[in-house]
Every structure is written in C-alpha cells, then in structure tokens.
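This report concerns only the one structure given below.
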Amino acid sequence: MSDTALQKTPLHELHLELGAKMVPFAGYDMPVSYPAGILAEHRQCRESAALFDVSHMGQVRLSGADAAAALESLVPVDVAGLAPGRQRYGFFTNAAGGILDDLMITRRETDWLVVVNAGCKDADIRHLLTHIGHRCTVQPMPERALLALQGPKAAEAVGRLAPELRSLVFMTGAFCRIAGIECFATRSGYTGEDGYEISVPADKAVALAEALLAQPEVKPAGLGARDTLRL
C-alpha cells in the first residue's frame, strides 16, 4: 500500500510535530516511535504513564432490545449478564469454534460499545452486520478517536483533569469530561499496566492528547513500545 493510500488518525499532525517515526500499519500511517526511542517509551509506560494513539482500532455501537442476545450468538461470553458500566473481554468465533478475533465489550446505559482490532476491523464489522445486523443496530463510529493512557501513574495524571476517573476500577467504564471534553473512558488496556482507553470525538482528539501530554507523568509512545509491552 502506498503512503498516499494510507489512512490517517486525527492525531497524525500531532505525531509529526512530536517527531514521530511513522510506518504503515493496518492501513494507517502510525507512529512506531518518538525521538526518545522504543526502550525509553517502554520504560515510561512501566514506570510512569505513556499515551498511545489507538484510533486505528474499530469502535462500534450496538443498540436495540435484542443487542445483548444477538452479540452472545457471536461470542462465547456472557454479554446479557453485564451490569451497566462493566466491560468484558471476548472473542468472535467461527462455526467450528475457532477464534476470528478478540474484542472488548462494554455495557452502557442504553447501548453497547464494542472495540475491535485495527487489522481485522473491516472484517469484524462485516461479521457483525452480516450475522446480527437484522437483530440490532450495528453502528461503526469512525467519527471517534481512541487514546490509551497506560502506566502506574495514569490515574494520577488523568485524575487532575477528570477526578471521577480515579474511582473507576479495572474493566469498568463511564462517560466523563476530561479537560472539559466529553469522553467515554474505560479502565483497561493491552499493556499489562493500569490505565485507561478513552473514546473521544475525532475533532477533539488533539486537544485531549495535548491536555494529557501536559501532565508531568505523561509522554507519547508508539507501536514499537506497545508491542514490547504485550510480550
């Protein structure tokens, strides 16, 4: 895929301003590292807090009276039993029980937020539309960005901007205002550290990222560090 065909996240220009080395990933032009380097970014996440752009991942809203039962027909986990504000890790499976992809499911008051992986995003959305689109509303949300603030000091950093997020526990989520910006945050992530994944309107993503990066605990990190943190 040529560079001209690559998609860009809402934070693309900010990555360039911060000196990121950009690489193609899952059809997007993404930051693999910043000037400090991958090892420094890895340590930053393990010791303090690092901000990752994960806007290339897919965010999908499911709604309707049959949404929970419909989603349960595609994943081998209890969806209907989730209380509002609770999150669960699951898998899409094929007819033989093999795993197609993993995903995060969060029950909100009036709908369900599903976050799928970037590399399988298009296939996962087709899977949802094909198999349960007749039972509930399946609404992809490309108008939203997704930021991951990860590390042992993530709560301290975001807590200055949104004190209510300190009280979130692991695998829960809530609507909130961070630096005055309407967001939906979950206390979760893929780094093995404490942290948050924050869904934000795309046109507010840069303002949110800059507010988080202004906190003394936080520095940017790219895909290289994210991969090493998952090992």
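The values are calculated or read from the model by the stated rules, or taken from the named source; none is laboratory data. Just so it is clear, the model here is predicted, and its values are computed rather than measured. All Cβ positions, glycine included, derive from the backbone under ideal geometry; neighbour counts span all protein chains shown. We work out accessible area using only protein heavy atoms, side chains counted, and drop any ligands, DNA or RNA first. Shrake-Rupley method; radii C 1.70, N 1.55, O 1.52, S 1.80 Å.
Quick notes on this one:
- Breaking point among (1) in a helix (DSSP H, G or I); (2) over 23 Å from residue 117 (Cα atoms); (3) open to solvent by less than 20 Å² (accessible area, probe 1.4 Å), for residue 207: (3)
- Taken across segment 167-184, residues that are touching a Pro at 6+ places or on another chain (Cβ under 8 Å) and more than 24 Å from residue 109 (Cα to Cα) do not occur at all.
- Condition check for residue 32: of a type in the set (A, V, I, L, M, F, W, C), outside any loop (DSSP other than H, G, I, E, B), in contact (Cβ under 8 Å) with a residue 40 or more places away in the chain and open to solvent by 20 Å² or more (accessible area, probe 1.4 Å): yes
- Segment 61-105, residues that are more than 17 Å from residue 136 (Cβ to Cβ), hydrophobic (A, V, I, L, M, F, W, C) and outside any loop (DSSP other than H, G, I, E, B): 91, 99, 100, 104
- Test: residue in segment 88-100 that is aliphatic (A, V, I, L, M), surrounded by 12 or more Cβ atoms within 10 Å (Cβ to Cβ) and over 30 Å from residue 8 (Cβ atoms): no
- Residue 129 meets the conditions (1) open to solvent by 10 Å² or more (accessible area, probe 1.4 Å); (2) in a loop (DSSP other than H, G, I, E, B) in every case but one. The failed one is (2).
- Against the test of being out of contact with any Lys or Arg (no Cβ under 7 Å at 6 or more places or on another chain), modelled with pLDDT of 95 or more and not in a loop (DSSP other than H, G, I, E, B), the options 226, 177 yield a single qualifying residue, 177.
- Segment 178-199 residues that are of a type in the set (Asp, Glu), paired with ones that are modelled with pLDDT under 95 and open to solvent by 40 Å² or more (accessible area, probe 1.4 Å) (beta carbon under 7 Å, 6 or more apart): none
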